[in-house]
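Have a look at the structure below, then the notes.
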Amino acid sequence: MPEIFDVGIVGGGIMGVSTAYQLSKMGKRSVVFERARVGHKRSGSRGGSRMIGFGYEDPVYTRMMVEAMVEWKDVAKESEIPLFVETGGMDIAEDGDGFDSLAAIGRSLREAGV
């Protein structure tokens, strides 16, 4: 008898597997269709390091990152392996446009409570 799934997801990149993960937390059965193997050379998610940042001029993106970090910490806790190391960050500007950008990032971070 064939397996029955609630959702079919095309693409097993970070968005596809994240979607499958969230669906599983909602009790849904999903199947991910991916044409390449894990870690293939054209993947945007290959290699040993990533950066997660909160410094966006638009407060919407900063708030999304705050919410995403909660999810990352949940995934790390469930996987029982260290997935990331929290460190500081630095944004640097050298002219008036850059200073305006830094001021906007500062406002965005303050609004999000970061």
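The values are calculated or read from the model by the stated rules, or taken from the named source; none is laboratory data. Fair warning: this is a prediction, and the values are worked out from it, not measured in the lab. Don't worry about glycine lacking a Cβ; one is built from the backbone with ideal geometry, like all the others, and counts go over all protein chains shown. SASA here: full protein model, heavy atoms, side chains in, ligands and nucleic acids out. Shrake-Rupley method; radii C 1.70, N 1.55, O 1.52, S 1.80 Å.
Can you give the FRET efficiency for K25 and S49, using 1/(1 + (r/R0)^6), R0 = 25 Å, r = Cβ-Cβ distance, to the nearest 0.05?
On the way: r = 26 Å, r/R0 = 1.06.
In this case the efficiency is close to 0.40.
When the helices in the chain are scored as -39500 (n - 2.57) per DSSP H run of 4 or longer and the sum is shared across all residues, what 222 nm value do you end up with, to the nearest 500 deg cm²/dmol?
On the way: 3 runs with 50 residues, N = 114.
That comes out to -14500 deg cm²/dmol.
Binning at 5 angstrom from zero up to the longest distance, how are the C-alpha pair distances of the chain distributed in percent?
All Cα pairs considered, the percentages come to 2, 9, 14, 16, 17, 15, 11, 8, 5, 2, 1, 0, 0, 0.
With angles folded into 0 to 90 degrees, how steeply does helix 14-25 sit against the dominant principal axis of the chain? Use alpha carbons for both and round to 10.
Relative to the chain, helix 14-25 is tipped by roughly 70 degrees.
Please return the longest stretch of the chain lacking exposed loop sites, where GluC sites (Glu not before Pro) count only if DSSP places them in a loop and at most 10 other Cβ atoms lie within 10 Å.
Working: sites that count: E3, E80, E86, E94.
Here the longest run is 4-79.
When ranked by the protection proxy of mean other Cβ atoms within 10 Å per residue, highest first, what sequence do the peptides 26-32, 60-66 form? Write down the numbers at each step before the final one.
Numbers: 26-32: 12.3, 60-66: 16.0.
Taking the mean over residues of other Cβ atoms within 10 Å, the ranking is 60-66, 26-32.
Leaving out ligands, DNA and RNA, what percent of the accessible area of the chain is carbon and sulfur, probe 1.4 Å? Don't skip to the answer; put the middle values down first.
Numbers: 5210 of 9220 Å².
Summing carbon and sulfur atoms, their accessible area is 57 percent of the total for the chain.
So what is the accessible area of the chain per residue, in Å², with the probe set to 1.4 Å? All intermediate terms of the calculation are to be shown ahead of the outcome.
Working: 9220 Å² over 114 residues.
Normalised by residue count, the accessible surface of the chain is 81 Å².
Per 0.36 nm of contour for each residue apart, how much would the distance between S79 and E94 grow if the chain were fully extended, relative to their Cα-Cα spacing? Write down the numbers at each step before the final one.
Details: separation 15, 0.36 × 15 = 5.40 nm, distance 4.17 nm.
Contour length minus Cα-Cα distance gives 1.2 nm.
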